[in-house]
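Remarks on the structure that follows.
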Amino acid sequence: MSTDNAIEIEGLTKRFGDLVAVDRIDLTARAGTVLGVLGPNGAGKTTMVRMLATLSRPTAGTARVGGYDIVRDAPEVRSLIGLTGQFAGIDELLTGEENLRFIGRLLGMPTRDAKARARELLAQFNLSDAADKAAKAYSGGMRRRLDLAASLVGRPRILFLDEPTTGLDPRARGELWELVRGLVADGTTVLLTTQYLEEADQLAHEIVVIDQGRTIATGTPTQLKSKIGGQTLRIQPEDHGQLDGLRALVAERFPDLDPIVEAGAITVGVNDDGIMPTLAADLRDRGIALTEFHLGLSSLDEVFLTLTGHRTEADDEAQPEEAAK
Ligand SMILES: Nc1ncnc2c1ncn2[C@@H]1O[C@H](COP(=O)(O)OP(=O)(O)OP(=O)(O)O)[C@@H](O)[C@H]1O
Ligand SMILES: [Mg+2]
């Protein structure tokens, strides 16, 4: 394996009975970078991370973490990695400091070193004031920070973060991003799973989009955004009958874009919001009245719509229910 790659995955597969949760995934993460794994609920993100962290055995395929095979060399892999799970792995009854000290002791640190490391991390994560409070009294954001601190006690070179900011408010999310950037600046390699395009865009050097266990796109944030448009424009004509004409107009004026007609509206990824005035003028000239003309940051859902022509699973499932009402 190339020494530049901290993580190398080939054909990694996990089956649960008939369900293929992770389906022949190939990917690599260069040392000292962030690899973002972007996917909706049930895409296979946690299943993949659990295999890489040696908590679950692959059905097929191989992966190397820090040069070690995740099955054959599981103890070596464990000594190199830190894992922050989607569901916080801290003991509610222990204080913040006790949680970190306990992990240090488990890792074989002498009592004094474990205590010093706990204090250091609490300070770094802005939790010193809460060091002696039971973790159950922490807010969601404090808990996430403690959980991240817990995964860093052993100074891992490679860190797996499974949806580290789900459920956090925008400020707490921004703070956690800063912490991750700091770790990467110090040379840590991070594999981060997320449901937020914006998060992958903010942190990742390389993004892999997965759906139903499969890779559906890979690239740098810039490459992906130019494929899907960093922003999404939604246009809905007042008269449904004008939808096809409107689509043709968008396709003709902006041949690089790939407009999709869906739910009575046109959705198109755009990179250059300079097209907005031109398009607005076109629509006015043709007398097309609109109920919606909205430019916003692309969500994961829109990434999916652009890449696969369908929305994420959760939405696909929601639609028949809607229709049945
Ligand atoms: N232990 C298990 N036994 C059976 N099926 C499982 C098991 N773990 C996960 N699955 C299934 O595998 C698929 C992938 O699940 P996984 O938890 O990896 O998704 P995810 O991308 O992490 O989703 P989320 O964003 O909701 O956390 C899902 O269909 C899930 O129901
Ligand atoms: Mg998950």
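The values are calculated or read from the model by the stated rules, or taken from the named source; none is laboratory data. It should be emphasised that the depicted structure is a prediction, and the values quoted were computed from it without experimental measurement. In this analysis, Cβ positions are derived from the backbone assuming ideal geometry, glycine residues included, and neighbour counts consider all displayed protein chains. Ligands, DNA and RNA are stripped out before the accessible areas are found, and what is left, the full protein with its side chains, is counted by its heavy atoms. Shrake-Rupley method; radii C 1.70, N 1.55, O 1.52, S 1.80 Å.
Residue by residue, the range 116-125 carries 3J(HN,Hα) couplings of 5, 5, 4, 4, 4, 5, 4, 5, 4, 9 Hz when phi is fed to the Karplus relation 6.51 cos²θ - 1.76 cosθ + 1.60 (θ = phi - 60°); x denotes Gly or Pro. The Cα center of the range 95-149 and the Cα center of the range 43-86 differ in position by 25 Å.
Would you mind getting the accessible area per residue of the chain, heavy atoms of the protein chains only, 1.4 Å probe, in Å²?
Numbers: 15840 Å² over 325 residues.
Computed with neighbouring chains in place, this is 49 Å² per residue.
For the range 36-59, backbone nitrogen atoms closer than 18 Å to the point 7 Å from Arg181 Cα along Cα-to-C-beta are found at 36. Between Ile216 and Asn271, the FRET efficiency estimated from the beta carbon spacing at R0 = 22 angstrom works out to 0.65. If the segment from Asp113 to Val261 were pulled out straight at 0.36 nm per residue, it would be longer than the present Cα-Cα gap by 47.2 nm. Note on Ala31/Ser299: beta-carbon distance plugged into 1/(1 + (r/R0)^6) with R0 of 41 Å gives a FRET efficiency of 0.85.
Tally up the carbon and sulfur contribution to the accessible surface of the range 106-195 as a whole percent, 1.4 Å probe, everything protein left in place. Walk me through the intermediate numbers first.
Details: 2040 of 4170 Å².
About 49 percent, which is the carbon plus sulfur part of the accessible surface.
The phi-based Karplus calculation (6.51 cos²θ - 1.76 cosθ + 1.60; θ = phi - 60°) puts the 3J(HN,Hα) values of the range 207-224 at 10, 10, 9, 10, 8, 6, x, 10, 6, 10, 6, 9, x, 6, x, 5, 4, 5 Hz, whole numbers, x for Gly and Pro.
Database remark: amide H of Thr95 closer than 5 angstrom to the amide H of Ala135 (H placed geometrically; neighbours at sequence offset of 5 or more, or on other chains; Pro and chain starts carry no H).
Taking all Cα pairs closer than 8 Å and separated by 6 or more residues, the relative contact order of the range 130-212 comes to 31 percent.
Rounded to the nearest 500, the helix-only mean residue ellipticity at 222 nm of the chain stands at -11500 deg cm²/dmol, with each DSSP H run of n ≥ 4 adding -39,500 (n - 2.57). The 3J(HN,Hα) values that the Karplus relation (6.51, -1.76, 1.60; θ = phi - 60°) gives for the range 96-103 are, in residue order, x, 5, 4, 4, 5, 5, 4, 5 Hz. Gly and Pro appear as x.
Bridgeable lysines around Lys227 (alpha carbons under 25 Å apart, same-chain partners fewer than 8 residues away excluded): Lys45.
Quick one: work out Rg over Rh on the C-alpha atoms of the chain, Rh as Kirkwood radius.
Details: Rg = 22.8 Å, Rh = 21.8 Å.
Using Cα coordinates only, the ratio equals 1.05.
Applying D = kT/(6 pi eta Rh) to the range 84-161, where Rh is the Kirkwood radius over alpha-carbon pairs, T corresponds to 25 °C and eta to 0.890 mPa s, the Stokes-Einstein value obtained is 202 µm²/s.
Counting only C-alpha contacts under 8 Å and six or more residues apart, can you give the relative contact order of the chain as a whole percent? Display every interim value, and only then the final one.
Working: 592 pairs, mean separation 62.2, N = 325.
The normalised contact order for the chain reaches 19 percent.
Modelled spin-label separation between Ala137 and Ser226, with each label point placed 7 Å from Cα along the Cα-to-Cβ direction: 5.4 nm.
Considering only the other residues whose Cβ falls under 13 Å of the Cβ of Arg119, what net charge follows from Lys and Arg at +1 and Asp and Glu at -1? Please list the in-between numbers first.
On the way: positive: Arg101, Arg112, Lys115, Arg117; negative: Glu97, Glu98, Asp113, Glu120, Asp129, Asp132.
Around Arg119, the surrounding residues sum to -2.
Extension gain, Thr291 to Glu10, is 96.4 nm, computed as 0.36 nm per intervening residue step minus the present C-alpha separation. Counted without the sites themselves, the longest stretch of the chain free of GluC sites (Glu not before Pro) in a DSSP loop having at most 16 other beta carbon atoms within 10 Å is 93-237. The alpha-carbon atoms of the range 1-132, seen along their principal axes, cover 46, 33, 24 angstrom, with the largest extent given first. In terms of the Cα gyration tensor, with a ≥ b ≥ c the square roots of its eigenvalues, is the range 91-131 rounded because a/c is under 1.5, prolate because a/b exceeds b/c, or oblate? Since a/c reaches 1.5 but b/c is at least a/b, the shape of the range 91-131 is classed as oblate. Here the contact order of the range 230-272, divided by its residue count and restricted to Cα pairs under 8 Å and six or more residues apart, works out to 52 percent.
Using 0.36 nm per residue, how much length does the chain from Glu120 to Glu238 gain when fully extended, once their Cα-Cα distance is taken away? Don't skip to the end; give the middle numbers.
Working: separation 118, 0.36 × 118 = 42.48 nm, distance 5.97 nm.
Extending this stretch completely gives an extra 36.5 nm.
Model label sites at Glu92 and Thr62, defined 7 Å from Cα along the beta-carbon direction, differ in position by 4.4 nm.
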